[in-house]
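Engineer: Quick one: the structure is below, questions incoming.
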Amino acid sequence: MDEITVKSANGSARNSLSMNRDRITSPTPPSPNSNLIDKNDDIFSLDRQLNFISNENQQPLLENQKIDSTRSSEPKQIKTDVLSMENQKLDSTNLPMLKFVITPEITKIDLMRNKLQGPDIAELCKHIEVTSLRTLTSLNLSANNIGDDGAKNLGYYIVELGCKLQYLTVSYNNISDKGGVQLVQSLAENTSLKMLNLDCNLITDLTLIEIEKALMSNPKCPLFNLSLADSRRSFTKTGAKVLWKLMSNRPTLTITGDPPFTFTGNSQKSKKLKKKDKNSDEHHLFNDIAAESIQRMRLKSNGANDTV
């Protein structure tokens, strides 16, 4: 047995191994974390250690790096058809900037929670007519202050030749019958609008009557959802009868509001519906409207699932 003494660069002995040179065929490489051994040693040369570290540890790292670089080089998909400027304090002073961002590719515009008023809607509609009249399908103006003038301007817009708007939301905008009537009268000429949201405005039975007239005179209008949440407090039994008649003549129409969608009339107190009152004058027709709407929505949902 020959004794091999491995020395460090300063000549001091660091480790002694007893082994038979004749039995050594292929040395086991040291771990990458071990201290480097003398460069001149025949068994554990510095070159072999570097090769071992490079071959065993660096190659997987390079493969991972290739994967990461490939992923990072993929272009990100950026939606260019949606313009969302919610709560950006838009008003008459900065509204003109929209003409630079409303492009022909825009299909959806969300301007909710801004400070837009009636005249601003007229300018907005002009920008849309010039660039994206035939492509815009959704417009959300909720929680502005467009009032009756804004509703009137929207009425002019949705009867424009080539208008493709399908979803219009004007909730929380202080719209009374003066503007509501002018807006819904445009449904008599519109052939694209599918959803109209009038939640939390100041409309009464007069607007409902005009909705019924417009839709009955225009079977080509595809409106299938009318949302009247909280506006119901201004409706009477007359308005409820109008809506029920409208639903009876348009089997696909749903009228929705926040539950319970009950008739309140001019009184501040709401009476609960009882089965025995079904044929009485105090029957809450809005409950029937809500129940029928829910049933129709369920049927639509089931039909959609059946077609998948």
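Engineer: For Leu187, all conditions in the list (1) of a type outside the set (Ser, Thr, Tyr); (2) touching a Cys at 6+ places or on another chain (Cβ under 6 Å); (3) closer than 20 Å to Ile102 by Cβ hold save one; what is the number of the exception?
Structural biologist: (3)
Engineer: Those residues that are touching a Ser or Thr at 6+ places or on another chain (Cβ under 9 Å), buried (at least 18 other Cβ atoms within 10 Å of the Cβ) and modelled with pLDDT of 95 or more, I need them from region 118-131; list them, please.
Structural biologist: Of everything in region 118-131, just one residue is touching a Ser or Thr at 6+ places or on another chain (Cβ under 9 Å), buried (at least 18 other Cβ atoms within 10 Å of the Cβ) and modelled with pLDDT of 95 or more, namely Asp120.
Engineer: Can you spot a residue in region 174-197 that is touching a strand residue (DSSP E or B) at 6+ places or on another chain (Cβ under 8 Å), farther than 25 Å from Glu129 by Cβ, assigned to a strand (DSSP E or B) and in contact (Cβ under 8 Å) with a residue 40 or more places away in the chain?
Structural biologist: Looking for residues that are touching a strand residue (DSSP E or B) at 6+ places or on another chain (Cβ under 8 Å), farther than 25 Å from Glu129 by Cβ, assigned to a strand (DSSP E or B) and in contact (Cβ under 8 Å) with a residue 40 or more places away in the chain, one finds none in region 174-197, hence no.
Engineer: For region 225-251, which positions are in contact with a helix residue (DSSP H, G or I) (Cβ under 7 Å, 6 or more places away or on another chain), crowded, with 20+ Cβ neighbours inside 10 Å and not aliphatic (A, V, I, L, M)?
Structural biologist: Those that are in contact with a helix residue (DSSP H, G or I) (Cβ under 7 Å, 6 or more places away or on another chain), crowded, with 20+ Cβ neighbours inside 10 Å and not aliphatic (A, V, I, L, M): Arg232, Phe235, Gly239.
Engineer: Within region 171-183, take every residue that is under 26 Å from the mean Cα position of the chain (by Cα) and either crowded, with 21+ Cβ neighbours inside 10 Å or modelled with pLDDT under 95 (or both) and give me the one that is nearest to Leu223 (Cα to Cα).
Structural biologist: Ranking the qualifying residues of region 171-183, first place goes to Leu183.
Engineer: Spot the failing condition for Lys276; the list is (1) part of a helix (DSSP H, G or I); (2) at pLDDT below 95; (3) within 21 Å of Asn145 (Cα to Cα), and only one is missed.
Structural biologist: The single condition Lys276 does not satisfy is (3).
Engineer: Consider Gly162 carefully, then state whether it is of a type in the set (Gly, Ala, Ser), at positive phi and either in contact (Cβ under 8 Å) with a residue 24 or more places away in the chain or in a helix (DSSP H, G or I) (or both).
Structural biologist: yes
Engineer: Also: Which residues, counting only those in region 200-224, are surrounded by 19 or more Cβ atoms within 10 Å (Cβ to Cβ) and under 22 Å from the mean Cα position of the chain (by Cα)?
Structural biologist: Cys200, Leu223, listed by residue number.
Engineer: Ok, one more. Sort through Ile158, Ile211, Ile146 and tell me the only one that's touching a strand residue (DSSP E or B) at 6+ places or on another chain (Cβ under 8 Å) and closer than 15 Å to Arg250 by Cβ.
Structural biologist: Ile211
Engineer: Provide a single number: the residues in region 112-159 that are part of a loop (DSSP other than H, G, I, E, B), among the hydrophobic types (A, V, I, L, M, F, W, C) and at negative phi.
Structural biologist: 8
Engineer: May I pose another question? Of all residues in region 222-258 being small (Gly, Ala, Ser) and at pLDDT 90 or above, which is nearest to Ile158 (Cα to Cα)?
Structural biologist: Ser227
The values are calculated or read from the model by the stated rules, or taken from the named source; none is laboratory data. What you see is a predicted model; the values in this text were computed from it and never measured. Backbone-built Cβ (ideal geometry, glycine too); neighbour counts: all protein chains shown.
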